[in-house]
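J.: The following block contains the structure, expressed as structure tokens.
The values are calculated or read from the model by the stated rules, or taken from the named source; none is laboratory data. Everything numeric here is computed off the predicted structure, so don't read it as measured data. Positions of Cβ are backbone-derived with ideal geometry, glycine not excepted, and every protein chain shown enters the neighbour counts. Quick note on the areas: whole protein, heavy atoms, side chains included, nothing else; ligands and nucleic acids left out. Shrake-Rupley method; radii C 1.70, N 1.55, O 1.52, S 1.80 Å.
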Amino acid sequence: MRTSWIVGVLTAVLLLGACSDPSDGPETAPPTPDVSRAATTHQRAQSSPSPSAAVVAPRVLYLGDSLAMEAQQVLGQELRRELRATYTSAPYSGTTPCDYLEGTGKKSLVPDRDKAAALVRALHPDFVVLQFWGNAWGYTWCMDGISHAASPQKYFSRYRADLRRLTDQIAAAGGERRPRIVWVAQGPDPITPDRVRRVNELYEEQAAASGDVVADAGATVAPAGSRYTWVQYLPCTSYEHEHPDYCTQPDRDRTALHLDKDYLHFCLAPTTSTPRPCPARSPGILRIAREITRVIGSS
């Protein structure tokens, strides 16, 4: 039963070109994304600033993989409502930090115009939010075939090096107006829980070394007191009780984080072959977006 469940899960993930952590991945890389369909949005707060406003509305750039792809609209809504932020998102499903590095040429799922440094130079953001599950099986060319399953130590070493390079490129692009990086810590993984723990530790390590910050959004989709235990449901929060559309099973005082056949994503609508922002109200996505917004607002 467990074997068939895992196979079904991985099939759903592969349909989206996502960034899961199966022990076996595709043998060849996916086609380069259609740049004309790149999920890049530029959204500015519509509300007029109050003359007495104490906080300057931040400029926020959001980059990442399929988790960012599905969450991009909700995060933008939260940032605009809570912080009056100017917001830009450019996520690409299946990516990992090396995809956003300049100098990768064609070995990347992200076109040159949407590299992190290029967008920082163009937009001058105050914050760059980076959300990656930690592509673990060489789905993207820029990982050079390195996978967690084949060589965990080599994988973590490469991942650490890419975090440093990406931080350096963003800092250089920002110049005297260096944006602050917000690394988004990921939620539990039922297949290889220690991998996610190690990846999150790398985010903490890099943020501490460069004066940046981690938003532990993954903790909001994990049981209290058990940070790396995967669950499909969690008790409804007070916010979800106040907004019943986000408490999916009020009679059981719990809400769904994942669909039955997708342990990775938080969108409560089935994945499609064309990556897209989540079209359904999804408690897990909202929890993640609210935590990222809280961290930016307090930074």
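J.: Could you check the simple spin-label distance between Asp260 and Arg81, using points 7 Å along Cα→Cβ, in nm with one decimal?
T.: About 3.1 nm separates the two model spin labels.
J.: Then there's this: Dividing the alpha-carbon radius of gyration of segment 190-292 by 2.2 N^0.38 Å (N being the number of residues), what value is obtained?
T.: Taking N as the residue count of segment 190-292, the ratio is 1.16.
J.: What order, most packed first, do the peptides 115-126, 277-288, 142-153, 239-250 have when packing is the mean number of other Cβ atoms within 10 Å of each residue?
T.: Those peptides, ordered most packed to least, come out 277-288, 115-126, 142-153, 239-250.
J.: Sorted by packing (mean other beta-carbon atoms within 10 Å per residue), highest first, where do 253-264, 227-238 land?
T.: 253-264, 227-238
J.: To continue, here is another question. Run the numbers on segment 171-266 and let me know its relative contact order in percent, using alpha-carbon pairs under 8 Å that are six or more apart.
T.: Once divided by the residue count of segment 171-266, the mean separation gives 24 percent.
J.: Ignoring ligands, DNA and RNA, what percent of the accessible area of segment 162-299 is carbon or sulfur (1.4 Å)?
T.: C and S fraction of accessible area: 48 percent.
J.: Here is a follow-up. Once the mean 1/r over all distinct Cα pairs of segment 135-268 is inverted, what Kirkwood radius in angstroms do you read off?
T.: 16.9
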